[in-house]
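The values are calculated or read from the model by the stated rules, or taken from the named source; none is laboratory data. A quick note: this is a predicted structure, and the numbers were derived from the prediction, not measured. Heads up, the Cβs are rebuilt from the backbone with ideal geometry, glycines too, and the neighbour counts pull from every protein chain shown. Ligands, DNA and RNA are stripped out before the accessible areas are found, and what is left, the full protein with its side chains, is counted by its heavy atoms. Shrake-Rupley method; radii C 1.70, N 1.55, O 1.52, S 1.80 Å.
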Amino acid sequence: MGEDTDTRKINHSFLRDHSYVTEADIISTVEFNHTGELLATGDKGGRVVIFQREPESKNAPHSQGEYDVYSTFQSHEPEFDYLKSLEIEEKINKIKWLPQQNAAHSLLSTNDKTIKLWKITERDKRPEGYNLKDEEGKLKDLSTVTSLQVPVLKPMDLMVEVSPRRIFANGHTYHINSISVNSDCETYMSADDLRINLWHLAITDRSFNIVDIKPANMEDLTEVITASEFHPHHCNLFVYSSSKGSLRLCDMRAAALCDKHSKLFEEPEDPSNRSFFSEIISSVSDVKFSHSGRYMLTRDYLTVKVWDLNMEARPIETYQVHDYLRSKLCSLYESDCIFDKFECAWNGSDSVIMTGAYNNFFRMFDRNTKRDVTLEASRESSKPRAVLKPRRVCVGGKRRRDDISVDSLDFTKKILHTAWHPAENIIAIAATNNLYIFQDKVNSDMH
C-alpha cells in the first residue's frame, strides 16, 4: 500500500488501481482501533496505511461514513543480522492499537524481530509572531528586537504526524508471530515460535520471559507457539495456541514463568480421520478471545472452533470452512498451501464469526441461527455499493448456474487477514494487495 494509493471514496470497497501485484504491496495484517474510526493495514514492504472513517454527511445523515486514507508511513526497513548472517524482512506481521488516552492515537507494529510504538497526532494550527525568529524561522538580529510580542496560533491545513516513540528490540531469537496489548494498558506481550515475552510500554531495554517451551535439545522439539492473546478483561490471563492444535490458558498470578498452564484445551482426535496430514491441518493459526471474555475462537486449516473457557475437553461449536479440500490435501501439501495461516474474527456482539478461504472467498457463521454463507471479495463481484451474492462450491453431481467447481478454485487468491469493526457490521478484508471494506446496509447481523 504505497504513497500512490488510490483514494477513491467507495462505500463498501477500497481498491488499488494496479493490475499487477508486487511482493511489497501484499497486505500482511489488518486491524481496527477500539472505536472503529481508524483502520490500519501493514504490508510486506514494511509500510503502515491508516484509514479514517469520515463523519456522516449532513445531506444524508443516515449514510455511513466512508473510510479514506489518513496517513501512510514506513514502519520497518529491511535489516541484516551480521552475527547470524540472516536477512530480517521488513514485512509487518501484526499491528495492535493502544486504547486512546488523549487526542493522539498510538499503535504497535512488529516485523519478525523488532516491535515499534508509534504516535499519530494531528496539527491544524501553527504559531506565528516569535520574538527571536522571523517568518522563515531564521534568528533575528537581537539589536533589532525593541519590543516583546505574544506568539499567536494561526489555522493551517491539517497535518497528520507519525512519530516513533519506542523501539523494543533484541527480545526474540525466533520470528515474532503475535503481539497483544494487556487490559491494564501498561503492558503487552510478544510471542515467537518458542517463547512469549512480557513488556512494559515505557521500558524498551528489558522484557520478562513468561513462557519458554524450547527443549534443552532442539531435536526433541515437537511443537511451536503459533499465536497468543491477553484476556480482554483479566490482565493476569492469557492464552497461546500450538502447532499441535492445543490451547493453553495461563495465569500470571500462579508463577513468574507460565510454563505450567492453568487449563489445557484440546480436542481428542478421531481415529477414523487419522492421516499423514492430521497434525499439519490441526495446527492452530489464530486464536481470539470473544469481547465478553467467555469464549475463544480458533482457526485451523479446515475449521473454526468456539471454546468455552469453562470446558476444556472439546469445543462447544465447530464450523467447517472448506471441508471440500479434505480430498485435495496431497496437492495442497505439495504446493505449500497447507501451511497457510488464516485468521478469524468475532463481530461486536460475539454472535457471528468470520474467516477467510481460497479463491478470494470468506466465510461467515451465525452462531444463533447456525446459518453460514460464502462471500467473495474481488473486483468483479465487489462493485461499489453492490450487494454481495452468496457463492457455493460444488464438489460433484448437479451444479447450479453460479456454482464454482472445487477444481476451478484459485489457490493463489487467499484471504488470510480479516477484521471486524468493534461495534458495527463493517468488515475489512485483505485480498493480496487489495483492501475491501464491506458494510451491512440493513444494520442487522451479517448473515
Report summary line: Note to self: with every protein chain in place and a 1.4 Å probe, the stretch 193-331 gives an accessible area per residue in Å² of 48 Å²
Query raised in the report: Given the pairs Lys84/Lys113; Lys44/Lys214; Lys341/Lys414; Lys44/Lys341; Lys214/Lys244, which span a C-alpha to C-alpha distance of over 19 angstrom in this model?
Result: Lys44/Lys214
Report task. Please give the peptides 423-433, 341-351 ranked by average Cβ packing (other Cβ atoms within 10 Å per residue), highest first, as a rough proxy for protection. Result -> 423-433, 341-351
Report summary line: Note to self: C-alpha centroids of the stretch 344-417 and the stretch 243-289 sit apart, in Å, by 27 Å
Query raised in the report: Accessible area of Arg379, 1.4 Å probe, to the nearest 10 Å²?
Result: 80 Å²
Report task. Please sort 180-190, 322-332, 352-362 by packing, taking for each peptide the average over its residues of neighbouring beta carbons within 10 angstrom, highest first. Result -> 352-362, 180-190, 322-332
**Report entry** Solvent-accessible surface ranking, highest first, for Asp300, Asp124 at 1.4 angstrom
**Finding:** Asp124, Asp300
**Report entry** Relative contact order (%) - criterion: Cα under 8 Å, at least six apart; region: the stretch 253-349
**Finding:** 27 percent
**Report entry** Listed peptides 407-414, 224-231, 154-161 by packing density, highest first (mean Cβ within 10 Å)
**Finding:** 224-231, 407-414, 154-161
Requested in this report: Give the cross-link partners of Lys133 among the lysines, using a straight C-alpha distance below 17 Å as the criterion and excluding same-chain residues fewer than 8 apart.
Outcome: Lys154
Query raised in the report: Using alpha-carbon positions, what is the distance between the centroids of the stretch 103-122 and the stretch 150-166, in Å?
Result: 18 Å
Query raised in the report: Going out from 0 in 10 Å bins, what whole percent of all Cα-Cα distances in the stretch 337-378 drops into each bin?
Result: 27, 51, 21, 1
Report summary line: Mean accessible area per residue over the stretch 110-163 (1.4 angstrom probe, all protein chains present, square angstrom) is 73 Å²
**Report entry** Radius 11 Å from Cβ of Ser180, net charge of other residues (Lys, Arg +1; Asp, Glu -1)
**Finding:** +2
